[in-house]
Amino acid sequence: MNSAFRRLWTVAVSHDFRGGPCDDLAFVVPPATRDALAGMHALVRERDGVLHVLIAVDEDGNPLGDCVGRRLLFGLAPRNPSFTQYTQLPALPPDETPLFANEAAANALDTAPRGVELAGPAPAIVPRLAARPLDLTITRPDGTPLAGARLGPADASWVFRGADAGEFVVSESAAGGLSASRRLLIEPGLAADPPWGVLSLTASAAHVANGQAFTLAFSAGSALLRYYVVVKPASDADFASILVEDHGATGDGRPPIAFNRLLPPFGGDRLAPALLDPGGTRRIVLFEAQTPVARRAAGPHGFELHRNGEVLIGNLPQPGAERSDAQFVVHLR
């Protein structure tokens, strides 16, 4: 019998910071997913930042493996260590991992990821509530109860044993109506070296018959541009003529950005004048954008530094992938 392979899924990555499709994420295939792929007579390939999942079919186009209803997990590992600096991150607790899934609709990823606590076998459940006594309950996502425990004043955690890999709901309740819940994802292959995120895809009959393309789309984070201009002693008129202006809005196809002109003391989370001029022999002016600017690998362009009507710098620096903020210091002679 002859067999061939056809597409089950493709998963591409798009990021506003890059201006569209990119290879910012690598796809990690844990052992459990490799085992599931073998049972499906499927294989996985990654090319140019796109994940391809292919299934074997016979000469009549029928799949050789049992695919419908299969749920596969992949780790999402940023290729750039600065990924989290230029990405608009989901609002999740720090101990939760974003999970992207096609749960609401089979042919599209959910609008936003949900958080899961990634764990290995027999995880120690550390409650989020400090109240004691505290009742812990473990259920499956459909509400089927699995285990429970009561924690006393001396109990900091409880070990959940005997569960296979999968997703569970951890619920906490205490006197006074206090409660908390979270999702627990037991996946030893991913928990051993936790990725930044997890992708969960469930195959439908339509996917098996026709294939399905998914896109992980990320928005860029925003930054408040601040340009600190440090100059040698100058006349009041010369100092007052220093300006930062936006002359690139039309070319970039974006709204123009206006800058506030601030003099020391700056306050807030701005840089201290003593840090910019330890000797106290310079004059300092801060140009702060009135609105945050979305981070881009290329641009925005045309933020110009002027003095006495002359353009001193045609394109002031922008926060690239490696910068954690958008504060820049410019020294003028």
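The values are calculated or read from the model by the stated rules, or taken from the named source; none is laboratory data. Since the model is a prediction, treat every value here as computed from it, not as a measurement. All Cβ positions, glycine included, derive from the backbone under ideal geometry; neighbour counts span all protein chains shown. When the accessible area is computed, the model is the full protein with side chains, heavy atoms only, and any ligands, DNA or RNA have been set aside. Shrake-Rupley method; radii C 1.70, N 1.55, O 1.52, S 1.80 Å.
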- Could you tell me whether any residue of segment 38-61 is modelled with pLDDT of 95 or more, under 16 Å from the mean Cα position of the chain (by Cα) and open to solvent by less than 20 Å² (accessible area, probe 1.4 Å)? no
- Which of the residues that make up segment 231-269 are in a loop (DSSP other than H, G, I, E, B), within 18 Å of Arg307 (Cβ to Cβ) and open to solvent by less than 80 Å² (accessible area, probe 1.4 Å)? Ala234, Ser235, Ser241, Ile242
- Message: Cβ-Cβ distance below 8 Å, separation of 6 or more or different chains: which pairs start in segment 289-315 with a residue that is within 25 Å of Ala237 (Cα to Cα) and among the basic types (Lys, Arg) and end on one that is assigned to a loop (DSSP other than H, G, I, E, B) and modelled with pLDDT of 95 or more?
- Response: Arg307/Ser241; Arg307/Ile242
- Query: With respect to Asp236, is the statement that it is charged (D, E, K, R), over 20 Å from Ala104 (Cβ atoms) and free of Cβ contacts under 8 Å to residues at least 24 places away in the same chain true?
  - Reply: yes
- Would you pick out the residues in segment 180-200 that are touching a residue at least 40 places away in the same chain (Cβ under 8 Å) and of a type in the set (Ser, Thr, Tyr)? Ser200
- Query: Here are some conditions: (1) among the small types (Gly, Ala, Ser); (2) within 22 Å of Leu89 (Cβ to Cβ); (3) assigned to a loop (DSSP other than H, G, I, E, B). Gly162 meets all but one. Which one does it not meet?
  - Reply: (2)
- Query: Which of the residues that make up segment 311-323 are surrounded by 14 or more Cβ atoms within 10 Å (Cβ to Cβ) and not in a loop (DSSP other than H, G, I, E, B)?
  - Reply: Leu312, Ile313
- Note on the structure: Of the residues in segment 300-310 that are assigned to a loop (DSSP other than H, G, I, E, B) and buried (at least 16 other Cβ atoms within 10 Å of the Cβ), the one that is modelled with the lowest pLDDT is Pro300
- Query: If we scan segment 146-156, do we find a residue that is more than 21 Å from Gly176 (Cβ to Cβ) and either assigned to a strand (DSSP E or B) or in contact (Cβ under 8 Å) with a residue 24 or more places away in the chain (or both)?
  - Reply: yes
- Item | Top-ranked residue in segment 218-230 [being among the aliphatic types (A, V, I, L, M) and part of a strand (DSSP E or B); ranked as surrounded by the fewest Cβ atoms within 10 Å (Cβ to Cβ)] | Val230
- Message: Given the condition closer than 30 Å to Ala258 by Cα, at pLDDT 95 or above and either crowded, with 21+ Cβ neighbours inside 10 Å or among the aliphatic types (A, V, I, L, M) (or both), answer yes or no: does some residue in segment 190-202 qualify?
- Response: no
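Let's see how each residue does on (1) surrounded by 14 or more Cβ atoms within 10 Å (Cβ to Cβ); (2) more than 15 Å from the chain's Cα centre (by Cα); (3) at positive phi:
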{"residue": "Glu96", "(1), (2), (3)": "yes, no, no"}
{"residue": "Ala104", "(1), (2), (3)": "no, yes, no"}
{"residue": "Thr111", "(1), (2), (3)": "no, no, no"}
{"residue": "Pro123", "(1), (2), (3)": "yes, yes, no"}
{"residue": "Ala130", "(1), (2), (3)": "no, yes, no"}
{"residue": "Thr137", "(1), (2), (3)": "yes, yes, no"}
{"residue": "Arg140", "(1), (2), (3)": "no, yes, no"}
- Inside segment 324-333, can you point out the residues that are modelled with pLDDT of 90 or more, surrounded by fewer than 16 Cβ atoms within 10 Å (Cβ to Cβ) and under 24 Å from the mean Cα position of the chain (by Cα)? Asp325
- Query: What number of residues within segment 245-297 are over 22 Å from Gln85 (Cα atoms), hydroxyl-bearing (Ser, Thr, Tyr) and within 31 Å of the chain's Cα centre (by Cα)?
  - Reply: 1
